[in-house]
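Comments concern the structure below.
The values are calculated or read from the model by the stated rules, or taken from the named source; none is laboratory data. A quick note: this is a predicted structure, and the numbers were derived from the prediction, not measured. Please note: Cβ atoms are built from the backbone with ideal geometry, for glycine as well, and neighbour counts cover all protein chains shown. Note: areas computed on protein heavy atoms with side chains; ligands, DNA, RNA excluded. Shrake-Rupley method; radii C 1.70, N 1.55, O 1.52, S 1.80 Å.
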Amino acid sequence: MDVLDAIKTRRSIGKVKDDPVPSDCIEKILEAGTYAPNHYRTEPWRFFVISGDSRKRLGAVLEETTRKDYADLNADELERKAEKARNNPLRAPVIIAVGVEPGDKKNVIMKEEYAAVCSAIQNMLLASHSLGFGAIWRTGAVTYHDKIKEFFGLTPKGEMAGFIYIGYPDLTPKTVKKSGFENFTVWMN
């Protein structure tokens with residue numbers, strides 16, 4: 001697949017089949033992430049491949065954080081939110097959680113480390129698309145919760161950048177009309 005075609009045709013696919021994703025394909029997706037540019041070559045990305053029962057363990061942590069963060073809701077509403085959080089990781093056969101661990105060099109800037117990891121995620125989404133998988137990058141407040149950092153063993157200065165849900169697509173994505181670059185570009189001569 002031509003890289004420009006991949007960029008233009010990749011879509012977030014939130015509905016995927018339960019069919020297993022071959023590990024050699026996951027390895028290709030992970031490798032694509034490591035080719036992202038990063039200042040000082042600190043390689044700040046950390047990947048956690050979650051499949052099988054580990055999705056339930058992640059679900060338990062998501063449920064715990066939801067119950068804590070929404071404790072003021074009425075019991076029925078809290079139960080509904082907690083159950084949804086617990087089941088979120090079961091929406092795909094594989095999830096790659098992506099963390100940022102900044103380098104120790106004095107001149108390392110956290111924003112640049114985070115930008116490198118976001119570039120890695122984009123590479124991984126494009127690789128998933130080129131291999132015929134559906135993928136979606138999920139974030140939200142729970143992503144940045146201390147319990148999530150703890151679950152993945154990140155250091156105090158580390159952060160999560162998101163979760164990439166991957167599987168065989170179970171829907172046909174709609175075409176999306178994008179605004180032209182002209183709307184956002186100033187040519188300076």
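Numbers for the structure displayed
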{"quantity": "Solvent exposure ordering (accessible area, 1.4 Å, most first) of VAL186, VAL108", "calculated": "VAL186, VAL108"}
{"quantity": "Exposure rank, largest accessible area first [THR34, THR143, THR172; 1.4 Å]", "calculated": "THR172, THR34, THR143"}
{"quantity": "Sum of -39500 (n - 2.57) over DSSP H runs of 4+, divided by residues of the chain (222 nm, nearest 500)", "calculated": "-12500 deg cm²/dmol"}
{"quantity": "Euclidean distance between Cα centres, segment 1-33 to segment 99-113, Å", "calculated": "27 Å"}
{"quantity": "Most fluctuating residue given options LYS147, LYS174, LYS28, as computed from a GNM of the chain linking Cα atoms under 10 Å", "calculated": "LYS174"}
{"quantity": "Cubic angstrom per residue, convex hull over Cα atoms of segment 1-110", "calculated": "174 Å³"}
{"quantity": "Accessible area (Å², 1.4 Å probe, nearest 10) - HIS129", "calculated": "40 Å²"}
{"quantity": "Of (i) 1.03; (ii) 0.95; (iii) 1.00, the label for Rg/Rh (Cα atoms, Kirkwood Rh) derived from the coordinates", "calculated": "(iii)"}
{"quantity": "Exposure ranking of ARG138, ARG80 by accessible area [1.4 Å probe, largest first]", "calculated": "ARG80, ARG138"}
{"quantity": "Those chymotrypsin sites (Phe, Trp or Tyr not before Pro) in segment 26-99 that DSSP places in a loop and that have at most 12 other beta carbons within 10 Å", "calculated": "TYR35"}
